[in-house]
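Just below is one structure, and these are the notes that go with it.
The values are calculated or read from the model by the stated rules, or taken from the named source; none is laboratory data. Remember, it's a predicted structure, so these values are computed and weren't measured experimentally. Quick reminder, even Gly has a Cβ in these numbers, built from the backbone with ideal geometry, and neighbours come from all protein chains shown. Accessible surface areas use protein heavy atoms only, side chains included; no ligands, DNA or RNA. Shrake-Rupley method; radii C 1.70, N 1.55, O 1.52, S 1.80 Å.
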Amino acid sequence: MNVLAIDIGGTNVKILAIGQNEPRKFPSGTAMTPRKMVAGAKKLTKGWNYDVVSIGYPGPVLCGRPVSEPHNLGRGWVGFNFKAAFRCPVKLINDAAMQALGSYKGGKMLYLGLGTGLGTTMIVDGIIEPMELAHLPYKKGTYEDYVGIRGLERHGKKKWRRDVEDVVERLRAALEVEDVVLGGGNVNKLKKLPKSCRAGDNANAFLGGFRLWDKKGQ
């Protein structure tokens, strides 16, 4: 089965299909609607063969459908028929959950995606538990306000790194996890990883998308 994996971020939409060597991407942003995303993905995959599609969506997902509009994109995602738009079977999952699935090695793992926002997912004994921790209260705002891109730009790298370390330690203690993976586009801005963390790879989002169609991922 050839799978096309689509990782929707607040800055770019990245795509890769099984059998292709190099991911492709196009800009997203606050004007990105689902119709524009589908059109962009179809344009960039011209000549690629795929039977099914996996989509990593930057927001809460229930039963394979978005339950709220994303914070960093345009509107119209809730209720959109992705299967009809792509004309093939589609599995939609939270974007951090897709990245986490590609990073998972077993046991109890917490994935934190340091990107435009803050993606959060736990996997426990192979069971994916997407979490919406980003908008919980932290200091004078939310976790995402401090360790997402806005916090990095507002407070600078030095303060942002301290906040990342603090948030990791708070969540590790609260959730009692054995394994913490830090992913997302800004993980490379850390001078060193917090204690007992490992770095994820952005390519793991595609691996997670491919794994969604494995028997274990179904």
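A compact table of results
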{"quantity": "Residues located in the range 56-99, provided they are of a type in the set (A, V, I, L, M) and not in a loop (DSSP other than H, G, I, E, B)", "calculated": "Val61, Leu62, Ala84, Ala85, Val90, Leu92, Ile93, Ala96, Ala97, Met98"}
{"quantity": "Only one of Glu178, Glu132 that is modelled with pLDDT under 95, surrounded by fewer than 19 Cβ atoms within 10 Å (Cβ to Cβ) and over 23 Å from Asn12 (Cβ atoms)", "calculated": "Glu178"}
{"quantity": "Only listed residue being surrounded by 20 or more Cβ atoms within 10 Å (Cβ to Cβ) and touching a residue at least 24 places away in the same chain (Cβ under 8 Å), chosen from Leu101, Leu44", "calculated": "Leu101"}
{"quantity": "Where Gly19 falls short, out of the listed (1) under 19 Å from Pro130 (Cα atoms); (2) over 17 Å from the mean Cα position of the chain (by Cα)", "calculated": "(1)"}
{"quantity": "Given (1) open to solvent by 40 Å² or more (accessible area, probe 1.4 Å); (2) within 14 Å of Asn94 (Cβ to Cβ), index of the condition Pro66 fails", "calculated": "(1)"}
{"quantity": "Filter pass, Asp145 being under 19 Å from Thr11 (Cβ atoms) and either among the aromatic types (Phe, Trp, Tyr) or surrounded by 13 or more Cβ atoms within 10 Å (Cβ to Cβ) (or both)", "calculated": "yes"}
{"quantity": "Residue under evaluation Val78, criteria (1) of a type in the set (A, V, I, L, M); (2) surrounded by 15 or more Cβ atoms within 10 Å (Cβ to Cβ); (3) within 19 Å of the chain's Cα centre (by Cα); (4) under 27 Å from Ile6 (Cβ atoms), criterion not met", "calculated": "(2)"}
{"quantity": "Failed condition for Ala31, given (1) under 23 Å from Gly185 (Cβ atoms); (2) open to solvent by 10 Å² or more (accessible area, probe 1.4 Å); (3) in contact with a helix residue (DSSP H, G or I) (Cβ under 9 Å, 6 or more places away or on another chain); (4) of a type in the set (A, V, I, L, M)", "calculated": "(3)"}
